[in-house]
Amino acid sequence: MPSGKGSKLLRYIEHRLRISLIDNRTIVGTFLAFDKHLNLVLVDAEEFRTLNKNRAAILEERVEKRSLGLIILRGENVVSMAVEGPPPPSAKARAAVGGPGMAR
């Protein structure tokens, strides 16, 4: 099995990732796909921006959050990637477990 960037990224498909961009924004979303340029496709993505205000030597820091949904991130803008959480349970595992509201 090749050990290139692509095969390493395949492990994290459907994981929740935190991605830092070159403009100091952070995107958190579920990793769906990538290509040879390392462009990334995320679903249920949210953007976090840290805003600093400096008034009379009192530094205020505020984080703005924005829901983005399905997005494509250009690979050249990505600085780092970190795993936030595991993939959701598979559909087969969910279907095998009975419970209220589930048909048998």
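The values are calculated or read from the model by the stated rules, or taken from the named source; none is laboratory data. Values in this document were obtained by computation on a predicted structure and should not be read as measured data. Reconstructed Cβ throughout: ideal geometry from the backbone, glycine too, with neighbour counts over all protein chains shown. Just so you know, the surface numbers come from the protein's heavy atoms only, side chains and all, with ligands and any DNA or RNA stripped out. Shrake-Rupley method; radii C 1.70, N 1.55, O 1.52, S 1.80 Å.
Here is a yes/no grid of residues against (1) touching a residue at least 60 places away in the same chain (Cβ under 8 Å); (2) open to solvent by less than 80 Å² (accessible area, probe 1.4 Å); (3) not in a strand (DSSP E or B):
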site	(1), (2), (3)
E14	yes, no, yes
T30	no, yes, no
E46	no, yes, no
T50	no, yes, no
E61	no, no, no
K65	no, no, no
I71	no, yes, no
Exercise for the section: Please find, within segment 32-44, the residue that is nearest to V78 (Cα to Cα) out of those that are outside any strand (DSSP E or B) and open to solvent by 80 Å² or more (accessible area, probe 1.4 Å). Expected result: H37
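Conditions (1) at pLDDT below 95; (2) touching a Phe, Trp or Tyr at 6+ places or on another chain (Cβ under 8 Å); (3) more than 17 Å from I13 (Cα to Cα), marked per residue:
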site: A45; (1), (2), (3): no, no, no
site: G85; (1), (2), (3): yes, no, no
site: P88; (1), (2), (3): yes, no, no
site: R94; (1), (2), (3): yes, no, yes
site: M102; (1), (2), (3): yes, no, yes
